[in-house]
Each structure stands twice: as structure tokens, then as C-alpha cells.
Amino acid sequence: MIFSPPHLNNLHLRYYPDPILRQKAKPVEIVNSGIATLAELMGDIMIKSSGIGLAAPQIGMPLRMFVFSLTGKPEDIEVLINPELSNLQGTSEIEEGCLSLPGIRAKVRRPAACTVTALNLDGNQFVTDAVDLAATVIQHEFDHLDGTLFIDRLNAVSRLSCRKALKQLERDFQE
């Protein structure tokens, strides 16, 4: 999918159960100034929302890209375009939340380490290894690109404990 800046006017944080959160995102075909502008906007939205990660589908753009900052600071934002995960290792269980699921937090079991291959804003490929929180954030945002939410990874007990909050988000979305 080719992206150009005029689409920026409609972008805002999308909340569960918005259907775009369940769509599989399309690869970014060309890394250009429009993608750089989108990444900057995503970083701004993420920081203003007190998040540490944000995928393009979460603001209504079905593109395979996300931003994250483990510190929550703008100067630490990293941009990953067309990411691919590999070398998933170990197991960790970290409490997760999501800007698209406000008020819902639960422990999620994921691999403790991963390798990610992606493009940067110059269109150059890079590879990085991530562990612990970085691995969790990267996998969480990567899931968004495939239409998967962290609540899909919960065990039955955790899912049941989130049921009331999810129903409220569904009611709010209908209004």
C-alpha cells in the first residue's frame, strides 16, 4: 500500500472492537516522506497517550509498521516498517495493556526473546535482537499487524476477568 500525507487528517486512536484492529495490515511498498510523516504522527499519538508502542492499524492505517519507545520518551522512538519476527526463544509472562483497550491489563505469556528484521525510515533493512520488555513490546505491536490483540493470548481465567471491561468497550463503541 502506498501512503501519502493527505490521509493524515482522519487518523486517531482506534478502540476495541473497531474492525480495523482485526484486519491484516498490508506491507509498506515505498518508504517515502509520507511514511516518515505517518511515523512522526504515530510517535506523537503514542507519547501523548502515555504508551510505549503503537501500530499503524491502531490509528486506522492498515500498514505493516509500528513505533515504540521503551522509556516513553520521544527521543527514544524506534520505527519498524514491514517487520518480520524470527528466533523466538524462552518464555516470559509480563502484564500488558494496550492503547486500543483502555483500562484492561493482564499477564500475557510470550517468548522472552526474539529477532526482528525491518526497514527503517531510510528504507534500509536492519536486524536487532530483543529480550524481556523490548521483546514483549515488539511482539505485541507485531500482533496488531496481523489483527491479533493481546486479549486473544489470555488464558481462560484472565479472559474471564476482562469480560466486563470488554463488554463496556463494546457498548461505548456502539454509541
**Message:** Of the conditions (1) in contact with a Pro (Cβ under 6 Å, 6 or more places away or on another chain); (2) modelled with pLDDT of 95 or more, Phe173 satisfies every one except a single condition; which number is it?
**Reply:** (2)
**Asked** Among the candidates Ala156, Ala135, which residue alone is more than 19 Å from Asp76 (Cα to Cα) and either buried (at least 16 other Cβ atoms within 10 Å of the Cβ) or modelled with pLDDT under 95 (or both)?
**Response** Ala156
**Asked** Do we have any residue at all in the stretch 103-112 that's at pLDDT 95 or above, buried (at least 16 other Cβ atoms within 10 Å of the Cβ) and touching a Lys or Arg at 6+ places or on another chain (Cβ under 6 Å)?
**Response** yes
**Message:** Looking for something touching a strand residue (DSSP E or B) at 6+ places or on another chain (Cβ under 8 Å), under 26 Å from Glu29 (Cα atoms), surrounded by 16 or more Cβ atoms within 10 Å (Cβ to Cβ) and of a type in the set (Val, Ile, Thr) - is there at least one such residue anywhere in the stretch 57-75?
**Reply:** yes
**Fill in**
Of (1) under 18 Å from Phe150 (Cα atoms); (2) part of a helix (DSSP H, G or I), Ile35 fails just (1)
**Item:** Residue satisfying all of: in the stretch 1-30; part of a helix (DSSP H, G or I) and at pLDDT 95 or above; surrounded by the fewest Cβ atoms within 10 Å (Cβ to Cβ) among these
**Value:** Pro19
**Request:** Evaluate the following for Leu70: is it of a type outside the set (Ser, Thr, Tyr), in contact (Cβ under 8 Å) with a residue 40 or more places away in the chain, in contact with a Phe, Trp or Tyr (Cβ under 8 Å, 6 or more places away or on another chain) and not in a helix (DSSP H, G or I)?
**Result:** no
**Prompt:** Residues that are under 23 Å from Gly34 (Cα atoms) and either touching a residue at least 24 places away in the same chain (Cβ under 8 Å) or within 12 Å of the chain's Cα centre (by Cα) (or both): which strands (runs of 3 or more DSSP E) entirely in the stretch 77-154 hold 2 or more of them?
**Reply:** 78-89, 113-119
**Prompt:** Would you say Ser33 is among the hydroxyl-bearing types (Ser, Thr, Tyr), exposed (fewer than 15 other Cβ atoms within 10 Å of the Cβ) and touching a helix residue (DSSP H, G or I) at 6+ places or on another chain (Cβ under 9 Å)?
**Reply:** yes
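The values are calculated or read from the model by the stated rules, or taken from the named source; none is laboratory data. Remember, it's a predicted structure, so these values are computed and weren't measured experimentally. Note that we place each Cβ from the backbone using ideal geometry, even for glycine, and neighbour counts take in every protein chain shown.
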